[in-house]
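Let me begin by presenting the structure, written as structure tokens, before commenting on it.
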Amino acid sequence: MVASKALGGAERWAIRFSLALAERGAPVDLAIRRGSGLDDLDYGSLQVHRLPFLTTWDPLSRDAVSRTIARVRPDIVQTYMGRATRLTHLSPSKGPVHLARLGGYYALGPFRHAHGWIGNTKQLCDWMIQNGLPADRVHHIYNFAEPVHPVTPERVAELRARYAIPDEALVMVTLGRLVGFKGHRHLVDAMALLPETIDGRPLRLIIVGDGPLRPDLHRQTMEVGQEKRILWTGWQKDPSAYLQMADLVVFPSLDEEPMGNVILEAWAWRKPLVTANFRGAREIVRHGEDGWAVPCADAVALAGGIREVLSDPPLRSGLAERGHARVQRDFSRNAILDQYLALYRELVR
């Protein structure tokens, strides 16, 4: 169950996960918020229930959740984030098992009534246990990387022409909602510290995403004189073309970022990665091996890391290859789905 109004990274993950489970032959239904940004997506043969999910206290929404569960009669009800979890109240002694899947350090009050909890990093699971959730019911499973879907060279050429990106340019790409903890303001400042060219190649930064800070970030870009080098795409349901054209993926998030699917996407696309060393990156990125990590909220260090990697083609290719090997080994779809299915079997036996 996903009750979000807008389509973001967490919502994309939940949909991707549901479709992947269905492909493995698991009987999966998906409940989403009616009229939300998730409403017009292609779910293939997946059974989708569109529920009100209006507020966390709304009796109409809670009744709709209860009636849907009673009609579908699942073994597991997995809820994402606060609203869907708060509206789902199941008996601990009979009926389906309620798993709340957390992807961040949320206040745990609205989640405590669930029967079990899944965290997508070890640090998050440790934090949940330290804050009173029973250790034997807290389960750690990472996210898996989104499958790569290459686009045609013509599509990439079309985008380069649209944004007037020179053929010889080094293209950096960053993905994420334009909100404070994603750290975009430090990346904009870092761009102002970078030279016009590296090894004779001009630099361009493509920011894929949208959010409430967009006007402020546009203004900042103008103030630091980077409006010709920083390009804005808005939110993209499928960022494949931008990842495909990237020479470098940059992820400037602050320490509030719990996991960071962008890391996995960079690795899946065989792209070198420069990332801020937020808590999720500290857990999964190996500096100098599969990524280049710099301190959070430090534009000077971020610019230095970008320059270091872009100036060294062997380093770039090595980071990309080792990152790709890492995602295939530790974060593949099958590896993560095997862990989820094993957990489900354990809980319903």
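The values are calculated or read from the model by the stated rules, or taken from the named source; none is laboratory data. None of these values were measured; they are calculated from a predicted model. With ideal geometry, Cβ positions are generated from the backbone for all residues, glycine too; neighbour counts draw on all protein chains shown.
Of note:
- Scanning region 238-261 for residues that are over 16 Å from ARG160 (Cβ atoms), modelled with pLDDT under 95 and not charged (D, E, K, R) yields PRO258, MET259, GLY260, ASN261.
- Residue check, VAL249 in the same structural domain as GLU196 (by TED's automatic domain parsing), touching a residue at least 12 places away in the same chain (Cβ under 8 Å), crowded, with 19+ Cβ neighbours inside 10 Å and not in a helix (DSSP H, G or I): yes
- Among the residues here, GLY304 qualifies as of a type in the set (Gly, Ala, Ser), over 28 Å from ASN120 (Cβ atoms), in the same structural domain as GLY180 (by TED's automatic domain parsing) and without any contact (Cβ under 8 Å) to a residue 12 or more places away in the chain.
- Number of residues in region 140-183 that are farther than 22 Å from THR121 by Cβ and of a type outside the set (A, V, I, L, M, F, W, C): the value is 13.
- Within the option set PRO215, PRO202, PRO258, being more than 20 Å from GLY305 (Cα to Cα), surrounded by fewer than 17 Cβ atoms within 10 Å (Cβ to Cβ) and of a type outside the set (Lys, Arg) holds for one residue only, PRO215.
- Where ILE118 falls short, out of the listed (1) in contact with a strand residue (DSSP E or B) (Cβ under 8 Å, 6 or more places away or on another chain); (2) in a helix (DSSP H, G or I): (2)
- Per the listing MET128, MET172, MET191, the residue uniquely without any contact (Cβ under 8 Å) to a residue 40 or more places away in the chain and buried (at least 21 other Cβ atoms within 10 Å of the Cβ) is MET128.
- Residue within region 327-335 that is surrounded by 21 or more Cβ atoms within 10 Å (Cβ to Cβ), part of a loop (DSSP other than H, G, I, E, B) and touching a residue at least 12 places away in the same chain (Cβ under 8 Å) present: no
- The set of residues in region 208-237 being among the hydrophobic types (A, V, I, L, M, F, W, C) and in contact (Cβ under 8 Å) with a residue 60 or more places away in the chain consists of LEU231, TRP235.
- Within region 74-117, considering residues that are without any contact (Cβ under 8 Å) to a residue 24 or more places away in the chain, of a type in the set (A, V, I, L, M, F, W, C) and closer than 26 Å to ARG349 by Cα, the one surrounded by the fewest Cβ atoms within 10 Å (Cβ to Cβ): TRP117
- Within region 27-73, if we keep just the residues that are over 24 Å from ARG345 (Cβ atoms) and β-branched (Val, Ile, Thr), the residue that is farthest from the chain's Cα centre (by Cα) turns out to be VAL65.
- Residue that is surrounded by the most Cβ atoms within 10 Å (Cβ to Cβ), among those in region 25-47 that are in contact with a Lys or Arg (Cβ under 9 Å, 6 or more places away or on another chain) and either farther than 21 Å from GLY82 by Cβ or of a type in the set (Asp, Glu) (or both): LEU41
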